[in-house]
Each structure stands twice: as C-alpha cells, then as structure tokens.
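Chemist: So that we are looking at the same thing, I have put the structure below in structure tokens.
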Amino acid sequence: MDAPYDLLEQVEPGIARLLAHNPSAFTYTGTQTYLLGEREVAVIDPGPDLPGHVEALLKAIGGRPVAAIMCTHTHRDHSPAARPLRAATGAAVVGCAPLALETVGPRADAAFDGEYRPDRVLGHGEPLAVDGRAVTALATPGHTSNHLCFAWGDALFTGDHVMGWSTTVVVPPDGDMAQYMASLDKLRQRDDRIYFPAHGPPVTRPKQYVRSLIGHRLQREAQILRLVGEKPRGIPDIVAEAYPGLDPRLVAAAGGSVLAHLLDLERRGLVFRDGETWSKAA
C-alpha cells in the first residue's frame, strides 16, 4: 500500500483520505483521516497532533464549512488533532465519549488521549447532518469501551474496530472481548458495501471479512482453552505457544488480547485462575 503522507486523495465521490505520518507496528502506514462531503465537510478521525498533518488537513478543507470533527475513539493516533482543528475552524468535536483514564489501567497515559473533550457525544443510531446527508453513529465497543463506527450511505468508517491490514488489539481493562465479538456480530448483520478503516486498505467484501474475523477469534479462544487444558499456564507461556515468531514489539499487545479472551472465558465459567496462572475448568 502506498503511503503518500499529508496528500489528499479522493477515494470516492464525497469521500477523501489523508494519511498521517505516524507509521508503526500498531498503525501500519499511519492513521487515515477521512473528509466527507463537498460543499460542507466532516472530518473523521483527525489523527495525531502532528503539525504537518494538521496543516495538510486545513489545506484540504480549503475554507469550506466544517460540520463536525468526528472521533471513533480516543487513542492517541486518532483524536488529538481534533483540538487544533477545532481552534482553527470553530467546528464542534462530535462522536465518541471521553474516558475516565483512572479506569483504563497502566496504558492510559501512553495510549489514550486524556485531553479529549467532545462538544457532543453521539449515541448508537444517532445521526448528524453533513452536506445534506446523514452520518450515523454505531456503538461498537470492544477495542475500546467508547468506540464508534460511522455510517455514510452504504460506506462504513470502522476506525480500529475492523482494520484492512490486521486483527484488532483488545486489551483490558478498557478493551473487552465479549463486547468486541458482539460488535462484530452487529456489523455482520448489516449490508454495508465497503469499510474504510483508520489503518490499512478498504474492506470491499465486508460480510465475508467480518465472518472471517469472528472465526479467527473463535479459533484463538479454542486454542487458549486447549493450552490451559494441557496444564496451568501464565499469559507469557500462552503467548509463546499461540503466537510463534511474533514480532517482539507486539508481545505485550498479544498478551493483552490473551488476557481479554481469558477474562471472557472466566466469566463464562470455562477457566479459572490461581494468581498469575490459568487453568481450564473441570
């Protein structure tokens, strides 16, 4: 996938894309900010507060009215640029709710935007008028508790809930595997034509792709159950067995996803823990 940083690309009529220069093991080539509309625009996932990215966004807006600056969730690669954009355009920040960082855990400062302050929070199914059309919020908790997707006609902007290059990281305490699976099932029941994720290429066969993601998670769950059924195991041992050859930069994230699966299985009475060790329930 090409990475033309800070260059506006028209991907469809009424939908343009701008890629922030923040590539990493978690963001792929970077965060994709989308502009919806023509005479009036909305900005979806403004991205990190990088001067070049913000300048490119303002150039792309080109003085047009900004109906809203919309955030799918408050990870630092998604929402911080909302503040300089709001200051420059006067537009409202609309979308996901803020998080109480004291409930998020030790990753809070590094991963979450604690300064995010929306002017309006959208609930599930709540529309917002942009350029004569409705953008509708869909509550999709799981990756984070405050995650939203945004529907624009038959296109869905999926943030980090469904990505075009990788599975989604679900890290407790804010990430929740049961909620994530329920949110995937919510999308499975829809008839969207295309997904535009915040990272990676568009998803052009959404139903098939979502079914594959659900299947992958169920396979991972079965694998974890098998591993803890063989003998009591700690999370590092499970990660080593379940993710052979994993990029060392992703070990902690994989451990978070394993923990999310284990907590879900524990709530369902399928595993139990003794300190840092997990076992399959009889």
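The values are calculated or read from the model by the stated rules, or taken from the named source; none is laboratory data. Predicted model only: the values in this text are computed from it and were never measured. Every residue, glycine among them, receives a Cβ derived from its backbone with ideal geometry; neighbour counts consider all protein chains shown.
Chemist: Out of the residues in the stretch 192-244 that are touching a strand residue (DSSP E or B) at 6+ places or on another chain (Cβ under 6 Å), in a helix (DSSP H, G or I) and not hydrophobic (A, V, I, L, M, F, W, C), state the one that is surrounded by the fewest Cβ atoms within 10 Å (Cβ to Cβ).
Modeler: Gly229
Chemist: Sort through Thr103, Thr136, Thr140 and tell me the only one that's surrounded by fewer than 19 Cβ atoms within 10 Å (Cβ to Cβ), within 17 Å of Cys71 (Cβ to Cβ) and of a type in the set (S, T, N, Q).
Modeler: Step by step, each of Thr103, Thr136, Thr140 is checked, and only Thr136 is surrounded by fewer than 19 Cβ atoms within 10 Å (Cβ to Cβ), within 17 Å of Cys71 (Cβ to Cβ) and of a type in the set (S, T, N, Q).
Chemist: Can you tell me which residue is nearest to Ala222 (Cα to Cα) among those in the stretch 245-262 that are in a helix (DSSP H, G or I) and in contact (Cβ under 8 Å) with a residue 40 or more places away in the chain?
Modeler: First, the residues of the stretch 245-262 that are in a helix (DSSP H, G or I): 248-262.
Add one more test, that the residue is in contact (Cβ under 8 Å) with a residue 40 or more places away in the chain, and what stays is 249-250, 253, 256-257, 259-261.
Details: Arg249: 25, Leu250: 21, Ala253: 19, Gly256: 17, Ser257: 14, Leu259: 14, Ala260: 14, His261: 10 Å.
Checked the stretch 245-262; the qualifying residue nearest to Ala222 (Cα to Cα) is His261.
Chemist: Would you confirm whether any residue within the stretch 227-246 is outside the structural domain of Thr31 (by TED's automatic domain parsing), closer than 24 Å to Asn22 by Cβ and either among the hydrophobic types (A, V, I, L, M, F, W, C) or in contact with a Phe, Trp or Tyr (Cβ under 7 Å, 6 or more places away or on another chain) (or both)?
Modeler: Keep residues of the stretch 227-246 that are outside the structural domain of Thr31 (by TED's automatic domain parsing), which gives 227-246.
Next cut, closer than 24 Å to Asn22 by Cβ only: 246.
Subset that is either among the hydrophobic types (A, V, I, L, M, F, W, C) or in contact with a Phe, Trp or Tyr (Cβ under 7 Å, 6 or more places away or on another chain) (or both): 246.
Yes, the conditions are met somewhere in the stretch 227-246.
Chemist: Which residues, counting only those in the stretch 51-66, are farther than 27 Å from Ala100 by Cα and aliphatic (A, V, I, L, M)?
Modeler: Within the stretch 51-66, Ala56, Leu57, Leu58, Ala60, Ile61, Val66 meet the criteria.
Chemist: Something else: Under 25 Å from the mean Cα position of the chain (by Cα), free of Cβ contacts under 8 Å to residues at least 40 places away in the same chain and crowded, with 17+ Cβ neighbours inside 10 Å - does that describe any residue in the stretch 263-280?
Modeler: no
Chemist: Also, I was wondering about something else. Restricting the search to the stretch 22-56, which residues are surrounded by fewer than 20 Cβ atoms within 10 Å (Cβ to Cβ) and closer than 19 Å to Ser166 by Cα?
Modeler: Asn22, Pro23, Ser24, Ala25, Phe26
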